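A short write-up of the structure that comes next.
Values quoted throughout were computed directly from the atomic coordinates according to the rules given, and no laboratory measurement underlies them. Quick caveat, the model's predicted, so the values are computed rather than measured. A quick note on method: Cβ atoms are made from the backbone with ideal geometry, for glycine too, and the neighbour counts reach across all protein chains shown.
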Amino acid sequence: MQGPSGSGKSDLALRALDLGFRLVSDDRTLVWSSDGTAFGRAPETLAGLLEVRGVGVLRVPALAFCRIDLAVVSGTPERLPDLEVVVLAGAPVRRLALQLTDAAAPHRIREALCRLGAGPEESYQGGLPAPAAPTMGESAP
């Protein structure tokens, strides 16, 4: 999810977790591509952490990384959108604008992912090696 500070990104993540989504990263995500597909993971220092405004930082179960099938951005959703394509780390990804604080936002994300044919993380994560963490002087993948 992309949006300015305080737009509801972490709040939406918390509500999405209640629907069965899995956390990969909160606050910052390292993005890379392989064979035309975008992937993301949390920096090691933030892995498994979710900041909940007014509560603090929570430790939650998280995936080591995942394929990025949909880029959700803070904005006003179109009534009947054709999902735009954005490029993340050189890979095309569909983009969906949502009001992140809307109660139905996590349901809309689930429906958009289903329409894109995205499957559960376990179906494509197995056997795919996580990228090596950048060493001093290297940039993130």
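Is there a quick way to get the dipole size of region 1-65? I mean about its Cα centre, with the Cβ of Lys and Arg at +1 and of Asp and Glu at -1; what is the value in debye to the nearest 20?
Details: 7 positive and 7 negative charges, 17 e Å.
Dipole of region 1-65, to the nearest 20 debye: 80 debye.
Using square roots of five times the C-alpha gyration tensor eigenvalues, list the equivalent-ellipsoid semi-axes of region 1-94 in whole Å, biggest first. Don't skip to the end; give the middle numbers.
Values: eigenvalues 98, 66, 25 Å².
So the three semi-axes of region 1-94 are 22, 18, 11 Å.
Take the Cα atoms of region 1-56, build their convex hull, and give its volume per residue in Å³. Mind dumping the intermediate values first?
Working: hull volume 5.4 nm³, N = 56.
Once divided by residue count, the hull of region 1-56 is 97 Å³.
Subtracting the Cα-Cα distance from 0.36 nm times the residue separation, let me have the gained length for Thr101 to Ser5 in nm, one decimal. Before the final figure, lay out each step's value.
Working: separation 96, 0.36 × 96 = 34.56 nm, distance 1.28 nm.
Length gained, Thr101 through Ser5: 33.3 nm.
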